[in-house]
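First up is the structure itself, then whatever we jot down about it.
The values are calculated or read from the model by the stated rules, or taken from the named source; none is laboratory data. Please read these numbers as outputs of a predicted model, since none were measured by experiment. Note: ideal-geometry Cβ built from the backbone for every residue, glycine included; neighbour counts use all protein chains shown.
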Amino acid sequence: MEMKQKISLFVPVWQRYDTICAILRAWEPQVNEMVLWNNGDQAKIKDLPKTATVINAGRNYGGQVKFMAANLLQHPLVLIADDDIKPRLGLVEDLRKHIGDNDDTVVSIFGRNLSPEGYRGHLVKGSKIEEPTQVDFIGRLYMGHRSNFLVDMNGLVDTRLDDLYWTLALRRAKPQVRLMVAPTDKWSNSENERIRDSISRMDGYWDTRNEFVQDNYSEMVRLS
């Protein structure tokens, strides 16, 4: 009988405290370890599943912490998810089937093929495709082997670029890795997905991301 690798889930939270408990309970039957990294108010962490480990950071480390946490996790297969993604049963299996024994694939539910003009190239959603699709960039959720989340993030100077910088760092360190969007609709956005202080609403957010892609486009696009 094939032994499936165990999965560690890592979720950073900053402001979406009213839905984080329900989100972790939805993940709980699908993973073997859950780690919640709290970038905000410790007093707001309540009623979590007993199986969840909470790390209270003491200050806001930003979203980039999700790309620096792999060594904190127990299992070699890592699932990193934003705190506004609510999974349904079967999501993890839909993702896992596209990851082999090697560490050459990272799978998501959302991705883009970038453009020389910037970030907003062709959007690929798992709910809109029938076959796994290779892309230049994935975001919001990442599933892959630990080594893909051990790349050097020390050059990141702007938290608005955390996922794009990880993509660039991964391309430089492991150019053979494929970024894939899996066909699946077994997830939804939480009710408070769009909060007032979301990082995507910061002044200059989209311009900053477009400029980063323009400056690094040749290194960020997938291998043909």
Checklist entry - Name the pairs whose Cβ atoms lie under 6 Å apart, with the first residue in region 134-150 and under 17 Å from Val92 (Cβ atoms), the second crowded, with 18+ Cβ neighbours inside 10 Å and of a type in the set (Ser, Thr, Tyr), and 6 or more positions between them or separate chains? => result Ile138/Ser108; Leu141/Ser108; Tyr142/Ser108
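Residue-by-condition table, conditions (1) of a type outside the set (Asp, Glu); (2) in contact with a His (Cβ under 9 Å, 6 or more places away or on another chain):
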position: Val78; (1), (2): yes, yes
position: Gly90; (1), (2): yes, no
position: Asp94; (1), (2): no, no
position: Asn102; (1), (2): yes, yes
position: Ile109; (1), (2): yes, no
position: Gly118; (1), (2): yes, no
position: Gly121; (1), (2): yes, no
position: Lys125; (1), (2): yes, no
position: Thr133; (1), (2): yes, no
Checklist entry - Do we have any residue at all in region 59-67 that's within 16 Å of the chain's Cα centre (by Cα), under 30 Å from Asp152 (Cβ atoms), buried (at least 21 other Cβ atoms within 10 Å of the Cβ) and in contact (Cβ under 8 Å) with a residue 60 or more places away in the chain? => result yes
Checklist outcome for this item: For Asp103, the lone unmet condition from (1) buried (at least 17 other Cβ atoms within 10 Å of the Cβ); (2) out of contact with any Lys or Arg (no Cβ under 9 Å at 6 or more places or on another chain); (3) part of a loop (DSSP other than H, G, I, E, B); (4) not hydrophobic (A, V, I, L, M, F, W, C) is (2)
Checklist outcome for this item: Selection from region 114-133 of residues surrounded by 15 or more Cβ atoms within 10 Å (Cβ to Cβ) and either touching a residue at least 60 places away in the same chain (Cβ under 8 Å) or of a type in the set (Gly, Ala, Ser) (or both) yields Leu114, Ser115, Gly118, Tyr119, Gly121, Gly126
Next on the checklist: All but one of (1) under 24 Å from Thr159 (Cβ atoms); (2) at pLDDT 90 or above; (3) of a type in the set (Asp, Glu) hold for Glu28; state the number of the condition that does not hold.
Outcome noted: (1)
Item to check | Criterion violated by Asp103 - all others in (1) in contact with a Gly (Cβ under 8 Å, 6 or more places away or on another chain); (2) modelled with pLDDT of 95 or more satisfied | outcome: (2)
Next on the checklist: Restricting to region 158-168, name every residue that is crowded, with 18+ Cβ neighbours inside 10 Å and either closer than 25 Å to Leu24 by Cα or out of contact with any strand residue (DSSP E or B) (no Cβ under 9 Å at 6 or more places or on another chain) (or both).
Outcome noted: Arg160, Leu161, Asp162, Asp163, Tyr165, Trp166, Leu168
Next on the checklist: Can you go through Leu179, Leu170, Leu156, Leu223 and tell me which one is part of a helix (DSSP H, G or I), closer than 30 Å to Gly100 by Cβ and either of a type outside the set (Gly, Ala, Ser) or modelled with pLDDT under 90 (or both)?
Outcome noted: Leu170
Checklist outcome for this item: The correct count of residues that are over 16 Å from Thr105 (Cβ atoms) and of a type in the set (A, V, I, L, M) in region 115-128 is 1
Next on the checklist: Please go through region 1-23 and give me each residue that is closer than 16 Å to Leu91 by Cβ and at pLDDT below 90, ordered by number.
Outcome noted: Lys4
Checklist entry - Looking at Gln176, is it exposed (fewer than 15 other Cβ atoms within 10 Å of the Cβ) and of a type outside the set (D, E, K, R)? => result yes
Item to check | Every residue from region 62-76 that is aliphatic (A, V, I, L, M) and either in contact with a His (Cβ under 7 Å, 6 or more places away or on another chain) or in a helix (DSSP H, G or I) (or both) | outcome: Val65, Ala70, Leu72
